[in-house]
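Undergrad: Here it is, the structure, as structure tokens.
The values are calculated or read from the model by the stated rules, or taken from the named source; none is laboratory data. From a predicted model like this one, the values you see are computed outputs, not experimental measurements. Reconstructed Cβ throughout: ideal geometry from the backbone, glycine too, with neighbour counts over all protein chains shown.
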Amino acid sequence: MERSGRVTVAKGTALNADPASQLRLLDLQALDSALDRLAHRRATLPEIAVIQTLGARLGEVGDELVVAQTLDHDLAREQAKAETDVDQVRQRAERDQQRLDAGSVSSPRELENLQSEISSLGKRRSDLEDVVLEVMERREAAQAEISALVTERDKLTEEAAAASAQRDQVFGEIDSEVAATTAARAAIVPDIPGELLALYEKIRTQSSGVGAAALHRGRCEGCHLALNPGDLGHIRDAAPDAVLRCEECRGILGRTAEPGL
Ligand SMILES: [Zn+2]
């Protein structure tokens, strides 16, 4: 089912404008719609979302990298401490062994104590060496993670740079199209009476960018609704310089000289 629009002569001070300038308004609308599309395209470029996603992941990778580097740093300290402990135990065992070898200890009880200490130092050293090995393994894992994160960060950085370059290229294309369209628009504006232009601008801000539409085969091109025969008759009877508006979308109706009216 097709809805029918209604047509009314512009309310308020009955606005009149010569038919040629009413048609120029349609040219202006075409350019304004083109500018709206360009602005929309610029704001919704897929590259913008890609850059955003890459940037978010880069932030995460950066955080994960800090965590892994901190862990590696802590483990390095832990390893150094364990190695120092091993060294101290080793040196003490060596000193004990030297005393034993020198034969300076004669008391059997002292001798026994010394031998017992050398034995427990050996056990302690072995435990500490296990600690060193365990810390080294954990460090190895932390460093492998750092390496993987750095690789990912570099890859993401490269992808973000490529997406930015692509975005900037499309921005450049859009911007020059905007400049050309804006220039064409500026050339049309002087052909349209101020009052008609003001009405058009007002409707445009109220009706999501459509201020004027052609009447084409009995249909308003703004809202795409067919006008009923009564309204079409009204349009036929209206003075050529009467400014007509679509009751549905409120747009100024530009009457072209087509026979299908
Ligand atoms: Zn309409």
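Undergrad: Return only the number of the condition from (1) surrounded by fewer than 17 Cβ atoms within 10 Å (Cβ to Cβ); (2) at pLDDT below 95 that residue 17 does not satisfy.
TA: Every condition holds for residue 17 apart from (1).
Undergrad: While we're looking at this one, here's another question. Here are some residues: 100, 71, 75. Which one is surrounded by 12 or more Cβ atoms within 10 Å (Cβ to Cβ), over 30 Å from residue 49 (Cα atoms), more than 27 Å from the chain's Cα centre (by Cα) and modelled with pLDDT under 95?
TA: Among 100, 71, 75, only 100 is surrounded by 12 or more Cβ atoms within 10 Å (Cβ to Cβ), over 30 Å from residue 49 (Cα atoms), more than 27 Å from the chain's Cα centre (by Cα) and modelled with pLDDT under 95.
Undergrad: Right, another one. Quick check on my filter: what residues within the range 235-245 are more than 11 Å from the ligand (Cβ to nearest atom) and touching a residue at least 12 places away in the same chain (Cβ under 8 Å)?
TA: 235, 236, 238, 239, 240, 241, 242, 243
Undergrad: Please work out which one of (1) within 16 Å of the ligand (Cβ to nearest atom); (2) in contact with a helix residue (DSSP H, G or I) (Cβ under 7 Å, 6 or more places away or on another chain) is the condition residue 232 fails and give its number.
TA: (2)
Undergrad: Within the range 251-260, how many residues turn out to be surrounded by 19 or more Cβ atoms within 10 Å (Cβ to Cβ) and either near the ligand (Cβ under 8 Å from one of its atoms) or aliphatic (A, V, I, L, M) (or both)?
TA: 3
Undergrad: Cβ contacts < 7 Å: first residue among the charged types (D, E, K, R), restricted to the range 49-61; second residue assigned to a helix (DSSP H, G or I), any location; separation 6+ or different chain. Result?
TA: 57/156
Undergrad: Ok, one more. Just to be sure, is residue 166 assigned to a helix (DSSP H, G or I), farther than 30 Å from residue 246 by Cβ, of a type outside the set (Ser, Thr, Tyr) and over 22 Å from the mean Cα position of the chain (by Cα)?
TA: The answer is no for residue 166.
Undergrad: Given 248, 221, which one is under 38 Å from the mean Cα position of the chain (by Cα), closer than 18 Å to residue 34 by Cα, within 16 Å of the ligand (Cβ to nearest atom) and not basic (Lys, Arg)?
TA: Of 248, 221, the one residue that is under 38 Å from the mean Cα position of the chain (by Cα), closer than 18 Å to residue 34 by Cα, within 16 Å of the ligand (Cβ to nearest atom) and not basic (Lys, Arg) is 221.
Undergrad: Something else now. When residue 146 is evaluated against the numbered criteria (1) among the β-branched types (Val, Ile, Thr); (2) closer than 28 Å to residue 51 by Cα; (3) free of Cβ contacts under 8 Å to residues at least 24 places away in the same chain, which criterion, by number, is the only one it fails?
TA: With respect to (1) among the β-branched types (Val, Ile, Thr); (2) closer than 28 Å to residue 51 by Cα; (3) free of Cβ contacts under 8 Å to residues at least 24 places away in the same chain, residue 146 is out only on (3).
Undergrad: Moving on to the next point. For residue 92, state whether it is touching a residue at least 60 places away in the same chain (Cβ under 8 Å) and of a type in the set (D, E, K, R).
TA: No: the conditions fail for residue 92.
Undergrad: Could you grab the pairs with beta carbons closer than 9 Å, sequence gap of 6+ or different chains, first residue in the range 112-125 and in a helix (DSSP H, G or I), second one surrounded by 16 or more Cβ atoms within 10 Å (Cβ to Cβ) and among the acidic types (Asp, Glu)?
TA: Within 9 Å, the pairs are 114/96; 115/96; 117/96; 118/96; 121/96; 124/85; 125/85.
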